[in-house]
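Values in this text are rule-based calculations from the coordinates and carry no lab data. Everything numeric in this text was worked out from a predicted model, so none of it was measured. Ideal geometry is used to build each Cβ from the backbone, glycine not excepted, and the neighbour counts take in all protein chains shown.
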Amino acid sequence: MIQVYKNNVLESLQVMADYNFQKQALLNPSGPYIWLFIENYYGVFEDSGLLDALKSKQPIFGKRVDDALWDLYDATGKVDETLPGIAIVDSPAMQIVREKAARALQLVLQSKKPENTNVEILTPIYINVTDKNGNKAISKALAIELPGDKFKVDKTDSYMPPQQRVAGLQWQFNPGDVVRCQERHDKGKSYLLAVAKALP
């Protein structure tokens, strides 16, 4: 089964489309941000599993979106990686990449899980948890997108680095549960919260 980490794709596309971010990161090499074209490329296509999924010819996000991602992939191949970073950012080839990345980003954000595909789209969701003292909070998990706006919980605390795990957490939903999520907002950012088990 081929898996694509959707959040990796989205975050890397956002960076790939952002001229100001790229320029500022290169002009301030001491931080807080670093930008290298090759690392940005790997974030979109390699580390996320996206390129393997595209090469499989299986539907990923739907034909229109997948075609846009192939188009972006072809454009990244025309960027001269031997140039200095600033020259890459200001090159016509990189401008084309940014335009295609921005289009692909919007299409992925609007996409729905297609039917009849063997590609699993993994996306972060949040689940209500209760600790051993009865305190309630939410915690991040990984879920597989399913058709019909459903999500199958894939990993809960095993998804997190060991140092971030909390012993004794009781999760409202567990790996294997199929849930529905609602979009919530906090401090200007949106996230998906699992709110109920999905009906068959």
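Measure up LYS155/LYS197; LYS55/LYS140; LYS6/LYS132; LYS78/LYS155; LYS132/LYS189 against 26 Å on the Cα-Cα distance and list the ones that go over. As for pairs spanning more than 26 Å Cα to Cα, those are LYS55/LYS140; LYS6/LYS132; LYS78/LYS155; LYS132/LYS189. Would the range 7-110 count as rounded, prolate or oblate if I go by the C-alpha gyration tensor, calling it rounded below 1.5 in a/c and otherwise prolate when a/b exceeds b/c, oblate otherwise? Prolate, because a/c is 1.5 or more and a/b exceeds b/c.
Using Cα pairs under 8 angstrom and six or more residues apart, how large is the relative contact order of the range 119-197, in percent?
Values: 156 pairs, mean separation 23.7, N = 79.
This gives 30 percent for the range 119-197.
Shown here for the range 114-158: trypsin sites (Lys or Arg not before Pro) in loop regions (DSSP other than H, G, I, E, B) with at most 14 other Cβ atoms within 10 Å, namely LYS132.
Over the chain, Cα pairs under 8 Å with separation of 6+ residues give a relative contact order of 19 percent.
Of interest is the spacing of the C-alpha centroids, which for the range 75-124 and the range 40-62 amounts to 10 Å. Look at LEU169, LEU142 and count the other Cβ atoms within 10 Å of each Cβ; fewest to most, that gives LEU169, LEU142. Simple spin-label estimate for TYR42 and LYS63 gives 3.5 nm between the two label positions (7 Å along the Cα-to-Cβ direction from each Cα).
Taken over the chain, the alpha-carbon convex hull comes to 145 cubic angstrom per residue.
Result for the chain in a Gaussian network model with C-alpha springs under 10 Å: among PRO84, PRO92, PRO32, the largest mean-square fluctuation is at PRO32.
Helices in the chain, meaning DSSP H runs of at least 4 residues, each add -39500 (n - 2.57). Divided by all residues, the mean residue ellipticity at 222 nm is -10000 deg cm²/dmol.
Taking a ≥ b ≥ c as the square roots of the eigenvalues of the Cα gyration tensor of the range 119-197, is the shape rounded (a/c under 1.5), prolate (a/b larger than b/c) or oblate?
Values: a/c = 1.63, a/b = 1.37, b/c = 1.19.
It is prolate, given that a/c is not under 1.5 and a/b is the larger ratio.
Of the GluC sites (Glu not before Pro) found in the range 36-139, the ones in coil according to DSSP and having at most 15 other Cβ atoms within 10 Å of their Cβ are GLU81, GLU115.
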